[in-house]
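The values are calculated or read from the model by the stated rules, or taken from the named source; none is laboratory data. As the structure is a computational prediction, the values presented were derived from the model and not from experiment. All Cβ positions, glycine included, derive from the backbone under ideal geometry; neighbour counts span all protein chains shown.
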Amino acid sequence: MIGVMLVEGAPLASLAFQRGGVTYLAQLVGWGAGPVNPLGWALSLAIAVGYAALSMTSLPFIRKHALRLAPIKLLALPFALITGLFEEWFFRRELMNVLAAHAAGLLLQIMVSGLVFGLAHAVWGLIGRQWRAAGLSMIYTGALGALLATDYVISGRQLAPVAWSHILINLIIEPWLLLGVFALGDAPAADPRDRDTRHSTAA
């Protein structure tokens, strides 16, 4: 988790330095960024709740530990803020705006954003040496990415709703998702149900 925060936090810090510091980051999460379609906020909450529920239903390891207040859970807060903000800035705002600049229609923007998001998240299954999980992770996170891209469009291309949706998802399911991936790939689980890899929903 620390490694991911460094990898994604460094370009986020650089971006903030180039474009106005903390003020720019505040605008990305909604402060002073202008009004957002209420439907965008409603959809962002529905996506977060639905995806977190799917994660807990599909992966017993997450469901088993979701309410556990272990010290490592403290890492979930900065992890969620950094990854949620950076990934939505990159996979939604930057990627979709580049596509729009090249005359890609909204449907293509949404599809490409979801596909690239899914491909990027397949890495967690590969790290855990779970090839089937990598494929399923790509499918589930690809679908999540497409939903977030749709929400981004509905929100008038304002980043705040999708950023907070992503942040909320990670707050709920991390660090248990990452720990589950490594546990599945490395060692026998204490609870046999923790080895259920039919669905991997890394976000």
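Among I169, I139, which is buried (at least 22 other Cβ atoms within 10 Å of the Cβ) and either out of contact with any Ser or Thr (no Cβ under 6 Å at 6 or more places or on another chain) or in a helix (DSSP H, G or I) (or both)?
I169
Would you be able to tell me the number of residues in region 172-181 that are at pLDDT 85 or above and surrounded by fewer than 20 Cβ atoms within 10 Å (Cβ to Cβ)?
0
Could you tell me whether region 146-162 includes any residue that is at pLDDT 85 or above, part of a helix (DSSP H, G or I) and under 11 Å from the mean Cα position of the chain (by Cα)? I'd like the intermediate steps shown before the answer.
The first filter runs over region 146-162 and keeps only residues at pLDDT 85 or above, leaving 146-162.
So of that shortlist, the ones also part of a helix (DSSP H, G or I) come out as 146-154, 160-162.
Filter once more, so that each one left must be under 11 Å from the mean Cα position of the chain (by Cα): 148, 162.
Yes, region 146-162 contains a residue that is at pLDDT 85 or above, part of a helix (DSSP H, G or I) and under 11 Å from the mean Cα position of the chain (by Cα).
Cβ contacts < 8 Å: first residue farther than 30 Å from L159 by Cβ, restricted to region 60-81; second residue among the small types (G, A, S), any location; separation 6+ or different chain. Result?
F61/G180; F61/A183; F61/A189
Among (1) outside any helix (DSSP H, G or I); (2) of a type outside the set (D, E); (3) farther than 25 Å from M5 by Cα; (4) at pLDDT below 60, there is one condition R193 misses while meeting the rest; what is its number?
Here R193 clears every test but (1).
May I ask you to list the residues in region 13-36 that are surrounded by 13 or more Cβ atoms within 10 Å (Cβ to Cβ) and either within 14 Å of L168 (Cα to Cα) or at pLDDT 90 or above (or both)? Step through it out loud before you land on a result.
Residues of region 13-36 surrounded by 13 or more Cβ atoms within 10 Å (Cβ to Cβ): 13, 15-16, 24-30, 33, 36.
The answer is A13, V29.
Can you work out which of the residues in region 37-90 that are aromatic (F, W, Y) and surrounded by fewer than 20 Cβ atoms within 10 Å (Cβ to Cβ) is farthest from A120 (Cα to Cα)?
W41
Pairs under 8 Å by beta carbon, first residue closer than 20 Å to Y152 by Cα and assigned to a helix (DSSP H, G or I) in region 15-35, partner among the small types (G, A, S) and at pLDDT 85 or above, six or more apart or different chains?
Y24/A16; L25/A16; L28/A160; L28/A163
Helices (runs of 4 or more DSSP H) wholly in region 68-136 with at least 2 residues that are closer than 25 Å to Y24 by Cβ and at pLDDT below 85 - which ones? Break it down stepwise before answering.
Details: elements: 76-88, 95-101, 106-121, 123-127.
In region 68-136, there are no helices (runs of 4 or more DSSP H) which contain 2 or more residues that are closer than 25 Å to Y24 by Cβ and at pLDDT below 85.
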